[in-house]
Amino acid sequence: MQKILQLSLTDFRQILREQLLWVMFIVAPTAQFALARWLMPVAIDYFPVLNEYRYLLAGAMTLQVVAGIGFVVAMMLLDEKDEDVLTAIRVLPLGPEGFLTYRLLAATGIAVIFGFSMLYFSGLVNITFTKALAAAMLFAMMSPVVVLFMSTYGDNKVEGLAMYKGINIVLLLPIVSFFVPAGWKYFFGIIPDFWSFQFIGPATNVFSLSWLNFLIGLLLHVLLIGYLFVQFKRKVFQ
């Protein structure tokens, strides 16, 4: 436990040393929450049509926050990968798999906290505590996906930044599913966060349908994380 705390403190210091990282880790989530809590109600008053899309706005903002956490951790891994630090991790008692698991769990845990705050405390959507927590967990699972994808297929931070821009576009594509005929929307179901949006959407007032979306989304996220975890080990640790 002490080793994990020491690693956490070291990681936090690394985040504070780089402007891009602490902006994405601290400033961006705070700004997103302020936008949802205080500015969006004003915008909805001026443009009432936005009231129908509160859940989409809340989902998109939550997704941006959790993806941003994944971006921060991925950039740290890419920096360590570029400087060959990850090779030295083999000799640590924690081991490479343990180190990677720690980073992914840390990213997910922080993303859950930020995501829950966005969904439950922003006031943008009317959602119960239980559903807000479940939705935050589901959205937060995109954070380790971002971490693994960027750090596996990117060779440096420049490539990682370019990849993150593309990832953001893909992650927001499920929003389109709410504007196409009902039979077509499930074409977006291959993108895991599609089910996160469906889980908090207005059509999920039916309890069984809502939690079915949650379970499908959970399964897809777990499968994707597992696949990317294996790919990371093959490309970086072998």
**Prompt:** With a 10 Å Cβ neighbour count serving as the proxy for reagent exposure, in which order, fewest first, do Val112, Val27 appear?
**Reply:** Val27, Val112
**Complete:** Pseudo-spin-label distance Val158 to Glu83, built 7 Å along Cα→Cβ, given in nm, is 1.9
**Item:** Helix-derived mean residue ellipticity, 222 nm - over the chain, DSSP H n ≥ 4, -39500 (n - 2.57), to 500
**Value:** -22000 deg cm²/dmol
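Strictly greater than 17 Å: what percent of every Cα pair in the stretch 136-197 meets that? Intermediate results must be reported in sequence, preceding the final value.
Working: 866 of 1891 pairs.
Value for the stretch 136-197 (Cα pairs over 17 Å): 46 percent.
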**Request:** Could you pull the Cα extents of the stretch 10-93 along its three principal axes, largest to smallest, in whole Å?
**Result:** 58, 21, 21
**Request:** Report, in debye and to the nearest 20, how large the dipole of the chain comes out about its Cα centre when Lys and Arg carry +1 and Asp and Glu carry -1 on their Cβ.
**Result:** 300
**Request:** Select one label from (i) -0.48, -1.14, -1.26; (ii) -0.56, -0.99, -1.07; (iii) -0.68, -1.05, -1.12: the one whose number is log10 I(q)/I(0) by the Debye sum over Cα atoms at q = 0.10, 0.16, 0.17 Å⁻¹ as derived from the coordinates shown.
**Result:** (i)
**Asked** Contour minus end-to-end for Trp22 and Leu35, with contour as 0.36 nm per residue of separation and end-to-end as the Cα-Cα distance?
**Response** 2.8 nm
**Asked** Fully extended, how many nm does the chain gain between Ile190 and Asp45 (0.36 nm per residue separation, minus their Cα-Cα distance)?
**Response** 48.7 nm
**Asked** Residue farthest toward the positive end of the dipole of the chain, with Cβ of Lys/Arg at +1 and Asp/Glu at -1: which of Phe149, Leu35, Phe121?
**Response** Phe121
**Item:** Distance in nm between pseudo-label sites at Phe179 and Asn126 (7 Å out along the Cβ direction from Cα)
**Value:** 2.6
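Each reported figure results from applying straightforward, stated rules to the coordinates on display, with no laboratory input. Worth saying up front: this structure is predicted, and the values here are computed from it rather than measured. Using ideal geometry, Cβ is built from the backbone for each residue, glycine included, and neighbour counts are taken over all protein chains shown.
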